[in-house]
Ligand code: NAP
């Protein structure tokens, strides 16, 4: 399937051989070339935006139930092709096949969720000072959306934007990450199969600094929906030449607090899953852990043992592996840098610390899940997003200290707590300055509830009804009525 998608753009419902330079896409588990993409030329970005503008006229006026049916068809098409799409994702991103398949199924779920939301767009009638006037507050789609997405969840992060935008009546031009473009192009072929009208969904590939920036600066794009690093998010906010709506889903350095009342087995299990799943390349990955001092040694020992037991492999060869290759050399190098920094400043290595041994790992971007303890806030692992398989642990003496340490960051996407004591849970949940707080579980984001960051972790929400509201404007229609004739 990758070969069929190579060097193509999806514009106005048709596949077009891209005119721009070729960019290689590699398999991060082997270093092998998978295929090339075409960097969309400025004229091709213009074509895509023009197609989305043209399609907006009819898509936004379509009865919501028809948009709903289209999204259901898309969900069905994606579900039917889950195996093939998962394979593409594993080949270009590195996560194990089973995990990739799970992500594709969640993309299908997002299509069905927003298909249902599409028929629930409603407004309000607001009281006026006189009774002959009604104020109708109605919601209307914003227009053309430019979606810019990262490589860690190449299907879901495209899908949340695409589904919510289409449900609201917007059309979209998507610029996927350079490392993982083929998953997005595979989604385009499902859009085609679902017979979504031409121009409603367009995909342009290429670099962020050129193709992504062209969308940010394009006068025909009404809203930018961006997921990625805080640095690029800030750059986008600053470089918008005209007023646009912006959603920015950015990075974090997520804390976990484990209190003395916690179920230790559950806390270790949760910490391992959310620190190392997808090789820690998750915006809501646990990067740093604060443990109540009396249980700190026991927790650290068990966390290290559990990290060492994780099965690491090429995700195509071992679909059920716990972790696969990292997506590129960049997050791998950052992980090594944060580890070296922690060790140089006195942290103790508990597990991992280097690449796994064996021929299977020599050419890919592999690193063992790594735990360091005895950490302090002088260390990068405790203060910056690592975006790799490294977690730092530190002991605390009182809940206020734990809260202070957890909130000692410019970020605010997700935080985690393991505790059994209800008073502790309430105290911590209400004081953690994060858009998401998960208690006694590590799934901070679910499809039905709003998911968004605070502070440098961004603005706006994805998931839930709120995720669709990001693509709608309010319109106030104030109507004065007269006396009816023949009353
Ligand atoms: P990134 O470097 O910020 O890139 C994200 C996207 O922006 C890519 O498509 C990139 O294109 C593009 N881009 C780069 N420069 C641009 C520019 N000047 N104008 C427009 N677009 C530009 O982030 P990443 O390394 O791919 O992803 C990792 C980051 O995403 C982490 O910080 C993670 O926390 C964050 N993230 C946040 C969430 C959330 O929901 N809050 C979810 C997942 C990930 P290229 O690929 O061509 O560079």
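The values are calculated or read from the model by the stated rules, or taken from the named source; none is laboratory data. Computed from a prediction, not measured in an experiment: that's the story for all the values here. Don't worry about glycine lacking a Cβ; one is built from the backbone with ideal geometry, like all the others, and counts go over all protein chains shown.
So the check is Cβ under 6 Å with 6+ separation or different chains; which pairs have a first residue in the range 168-190 that's at negative phi and a second one that's in a loop (DSSP other than H, G, I, E, B) and more than 14 Å from the ligand (Cβ to nearest atom)?
Matching pairs, first to second residue: 168/471; 170/142; 170/471; 171/200.
I need the full set of residues from the range 408-432 which are over 23 Å from the mean Cα position of the chain (by Cα) and either crowded, with 19+ Cβ neighbours inside 10 Å or in a loop (DSSP other than H, G, I, E, B) (or both), in order please.
Matches in the range 408-432: 408, 418, 419, 420, 421, 424, 428.
Within the range 172-248, considering only helices (runs of 4 or more DSSP H) that don't extend past its boundaries, which have at least 3 residues that are surrounded by fewer than 23 Cβ atoms within 10 Å (Cβ to Cβ) and near the ligand (Cβ under 7 Å from one of its atoms)?
Hits in the range 172-248: 230-239.
Out of all the residues in the range 456-472, which are surrounded by fewer than 22 Cβ atoms within 10 Å (Cβ to Cβ) and more than 12 Å from the ligand (Cβ to nearest atom)?
464, 465, 466, 469, 472
Among the listed residues 103, 140, 109, 116, identify the single one that is part of a helix (DSSP H, G or I) and either touching a residue at least 60 places away in the same chain (Cβ under 8 Å) or in contact with a strand residue (DSSP E or B) (Cβ under 9 Å, 6 or more places away or on another chain) (or both).
Criteria check complete, one pass: 109.
Hey, can you tell me all the residues within the range 279-305 that are touching a residue at least 60 places away in the same chain (Cβ under 8 Å), at negative phi and part of a helix (DSSP H, G or I)?
Within the range 279-305, 293, 296, 299, 300, 303, 304 meet the criteria.
Condition check ((1) at positive phi; (2) touching a strand residue (DSSP E or B) at 6+ places or on another chain (Cβ under 9 Å)) across all residues:
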position: 350; (1), (2): no, yes
position: 353; (1), (2): yes, yes
position: 359; (1), (2): no, no
position: 363; (1), (2): no, no
position: 366; (1), (2): no, yes
position: 369; (1), (2): no, yes
position: 372; (1), (2): no, yes
position: 375; (1), (2): no, yes
position: 384; (1), (2): no, yes
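Step by step: first the residues of the range 13-29, then only those that are surrounded by fewer than 18 Cβ atoms within 10 Å (Cβ to Cβ) and part of a loop (DSSP other than H, G, I, E, B), then the one that is nearest to the chain's Cα centre (by Cα). Which residue is that?
Only one residue tops the list, namely 21.
More than 16 Å from the ligand (Cβ to nearest atom), modelled with pLDDT of 95 or more and outside any loop (DSSP other than H, G, I, E, B), is that true of residue 437?
Here the answer is no, as residue 437 does not meet what is asked.
Could you say whether any residue in the range 397-407 is in contact (Cβ under 8 Å) with a residue 12 or more places away in the chain, more than 13 Å from the ligand (Cβ to nearest atom) and either more than 27 Å from residue 346 (Cβ to Cβ) or crowded, with 22+ Cβ neighbours inside 10 Å (or both)?
yes
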